[in-house]
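The block underneath contains the structure these notes are about, expressed in structure tokens.
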Amino acid sequence: MKKIFLIFIIYFSSLNFLYALIEVDITRGNLDPLPIAVSPLHVDIKSTEYEGIKIKELGIDISKIIERNFKSTGLFNPLKKEAFVQKPDIAHLKPRFEDWRLIKAQALVTGKILVKDGKLKVEFRLWDLTAAKEMTALAFTTTPSNWRRVAHIISDKIYERLTGEEGYFDTRIIYVAESGPKEQRIKKLGIMDQDGANTKYLTLGNELVLTPRFSPTNQMVTYLSYFRNLPRVYLLDIETGMQEVVGNFPGMTFAPRFSPDGKKIIMSFAEDGNSDIYTMDLETRVVERITNHSSIDTSPSFSPDGKYIVFNSDRSGLQQIYVMRSDGNEVKRITFGSGIYGTPVWSPRGDLIAFTKVRKGRFYIGVMRTDGSGERLLTENFYQEAPSWSPNGRVLVFYRETKSGSKGEGFSATLWSIDITGYNERKLATKTDASDPSWSSLLSK
Amino acid sequence: MTKSLIYSLMFHSVMILLTVLTLPFMIRQPIDLPPIVSVELIQISDKTNIPFAPKARKIIEETKKKEERVVSDQAPPAAKAKEKPDRIPLPDDTKEKKKIVKKKQNPEEIEPQIRQSSEFEKKEIVDTNQIAALIDKAKEEEAVKKDKVAKLTQSSVKNSFATGLTLSEEDALRAQIFGCWSVPLGLPYDKDLLVRIKLKLKKDGTIMKSEILDHQRMNRPGQKFYKALAESALRAVRLCQPLKVPPTGYEKWRDIQLNFNPTEMLKG
């Protein structure tokens, strides 16, 4: 009996103790970018020369690319190297946390590289300076000519560790490279790293190319090209350079795009003078009709799970955005705002749809939830369109054209990026004018 | 039958007794009175009616003049007090000195009071509109963030009831941590991302021990966002050291729990 009493008393007194714990809710914080120090990677003295690469400066070059990547996100603030107290060789082994905290850094990246026998070996570590502990450490080996990609991969790993979402630095952007006067534009397919380096041209420019789109699963591209004034859908393997014609389609064909598994292409074309949405199986080449409506249906894009399709239609009078099941059933209009909506693209994260909106002669790039709620217009300009998502669904790349004079003078087309918060708008450096960008998935997946 | 009834009654009465004795909401806690704020009443004028605006100025000016006079009237005693030592010292010198000291002190005591009163009055004249504007602004903000406020007030009510921190102490702590916490911006806004951190503090506000309450969740697959958030919260607490804690009542705030919830921020 006594025991029972004791148990009761202990139980209730412990309850009393729990009630007394002070709880404070923290619902706000600052939005300042995280101060991060990227120490130049230490070059091992055993390193041997490698043709075409300055080994001694490789460490600092890689750290500069990492810094530039971080800066471009708007989430990190890479600190100036002049303020660093500790040298890279010692910092790599065990940083003096107090010294780094002095310059107000919260995270530190250190690393070591060794070039030997024609191979590049890289080690890097990420340190949490406030907790004085290592957050992540990785090592990998590759060919030295891949050093830029090494920098991007390190950036991705650190970004992922600090933000919880996948990075997007080891990626490429394909676009239509434009040159020449406005009336006689030469359009070629261009491809570059996401930071603007390593630009290459994939077509010669004899024929007009339009709407290149990356496959979400591999390094395949589908695009539209005019051959003897007939639109053709092409498939291009970037790794091998192999190109093939998927098919000739009648009338106006628009914007072919891959399904999430990369096995189908979805597009719109006009079978009997009226544009509808079709899919084509890349293996069997069987074409399937998805919509059958007297209005113009264009710009289809799959949801990442492949269950839904978002597209444009003018069935309500003005061009608006609609969502339907992937078999064409349950069509639902999701935009009701004033203005015209176009080029909807489902985010790879699945939570948002990006679009172009035209209202009172101005062009907006915006995002909204998949049911059409929570519309946010991120940027406004004279002419801009065709948003494409970064593989982690956080940043959009799109293109912008300037107003030109009566003879086409002063005309330019440029690529821009903006993140889904609407801050951090940046112009991407391209060698020529550029339009219609498409972002690849991560190369090292 | 009767035996079991008696047992039942006994147990129930014991339960009730224990509940009354131990559960905090059953105990009538002494009313937590806020610290006493002294308020001085100052006569603005003989007429206490609220005057019309143009008249008010005159009255205020008059009162100011009056007060200036009061100051100048009262100031001389200091000078007079100085004169006193010139008198012929009496046999009980020490007593006299004490008196003089007292007299010297008195005018000095009065003076700042008068100054305060006049400053107070000036502020009141200048600020009436601004205060009104502030109230309006506050109303607007209230309307916009009604949900938020409701939640906050609920939590603070809960806290002031159950704990030893006053509202202002809690606000000071909260504001301090707001400044230290760099919220990772890439977080999804539609997920449950509450991070609870339990701290054991030293008397000076530095952290003896910190513990993430759901730390198992950090290492589960698919919880990378949670991990990033939890780590950012821990960084914030460590950066903020020493925390702004009240000078007294250490036992009450030695153990403290911080609930980091960025949902409101990420939505906006």
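Here are the numbers for this structure:
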| read-out | value |
| --- | --- |
| Residues of the range A:161-175 classified as within 14 Å of chain B (Cβ to nearest Cβ) and farther than 20 Å from A:V109 by Cβ, total | 0 |
| Residues that are more than 30 Å from B:P184 (Cα to Cα), away from chain B (no Cβ under 14 Å), of a type outside the set (D, E, K, R) and part of a helix (DSSP H, G or I), drawn from the range A:19-67 | A:I55, A:L58 |
| The range A:411-428: number of residues that are part of a loop (DSSP other than H, G, I, E, B) and either touching a Lys or Arg at 6+ places or on another chain (Cβ under 7 Å) or over 25 Å from A:Y223 (Cβ atoms) (or both) | 7 |
| Residues being within 17 Å of A:F363 (Cα to Cα) and assigned to a loop (DSSP other than H, G, I, E, B) - total across the range A:388-410 | 3 |
| In the range A:392-424, the residues that are aromatic (F, W, Y) and either within 15 Å of A:D436 (Cα to Cα) or within 11 Å of the chain's Cα centre (by Cα) (or both) | A:F398, A:Y399, A:W416 |
| Where A:H92 falls short, out of the listed (1) under 19 Å from A:S444 (Cβ atoms); (2) touching a His at 6+ places or on another chain (Cβ under 9 Å) | (1) |
| Condition check for A:E123: of a type in the set (D, E, K, R), within 14 Å of chain B (Cβ to nearest Cβ) and either assigned to a helix (DSSP H, G or I) or under 30 Å from B:R235 (Cα atoms) (or both) | no |
| Counted residues, the range B:195-216 - those being among the hydroxyl-bearing types (S, T, Y) and part of a strand (DSSP E or B) | 1 |
| Selection count where residues are touching a Gly at 6+ places or on another chain (Cβ under 7 Å) and part of a strand (DSSP E or B), scope the range A:289-320 | 2 |
| A:T163 vs. criteria of a type in the set (S, T, Y) and surrounded by 22 or more Cβ atoms within 10 Å (Cβ to Cβ) | yes |
| Residue count for the range B:253-268, restricted to those that are modelled with pLDDT under 85 and more than 7 Å from chain A (Cβ to nearest Cβ) | 4 |
| Residue check, A:K431 basic (K, R) and part of a loop (DSSP other than H, G, I, E, B) | yes |
| Any hit, the range A:46-58, residues being surrounded by 22 or more Cβ atoms within 10 Å (Cβ to Cβ) and in the same structural domain as A:T143 (by TED's automatic domain parsing) | yes |
| Sole residue being touching a Ser or Thr at 6+ places or on another chain (Cβ under 8 Å), farther than 22 Å from A:T73 by Cα and polar (S, T, N, Q), chosen from A:T414, A:T430, A:T402 | A:T402 |
| Matching residues, the range A:259-269, being more than 18 Å from A:G342 (Cα to Cα) and in contact with a Ser or Thr (Cβ under 8 Å, 6 or more places away or on another chain) | A:S259, A:P260, A:D261, A:G262, A:K264, A:I265 |
| A:T343 vs. criteria modelled with pLDDT of 90 or more, farther than 30 Å from B:G222 by Cα, β-branched (V, I, T) and assigned to a strand (DSSP E or B) | yes |
| Within the range A:65-107, tally of residues that are free of Cβ contacts under 8 Å to residues at least 12 places away in the same chain and within 23 Å of the chain's Cα centre (by Cα) | 1 |
| Answer residue from the range B:240-252, given it is at the interface with chain A (Cβ under 10 Å from one of its Cβ atoms) and touching a Ser or Thr at 6+ places or on another chain (Cβ under 7 Å) and is surrounded by the most Cβ atoms within 10 Å (Cβ to Cβ) among those | B:K252 |
| Output for the range A:216-241, where each listed residue is aromatic (F, W, Y) and within 23 Å of A:S303 (Cβ to Cβ) | A:Y223 |
| Among the residues listed as B:L234, B:L229, the single one being in contact with a Phe, Trp or Tyr (Cβ under 8 Å, 6 or more places away or on another chain), facing chain A (nearest Cβ under 8 Å) and free of Cβ contacts under 8 Å to residues at least 60 places away in the same chain | B:L229 |
| Sole exception among (1) at pLDDT 90 or above; (2) farther than 23 Å from A:W439 by Cα for A:G337, by number | (1) |
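The values are calculated or read from the model by the stated rules, or taken from the named source; none is laboratory data. A quick note: this is a predicted structure, and the numbers were derived from the prediction, not measured. Ideal geometry is used to build each Cβ from the backbone, glycine not excepted, and the neighbour counts take in all protein chains shown.
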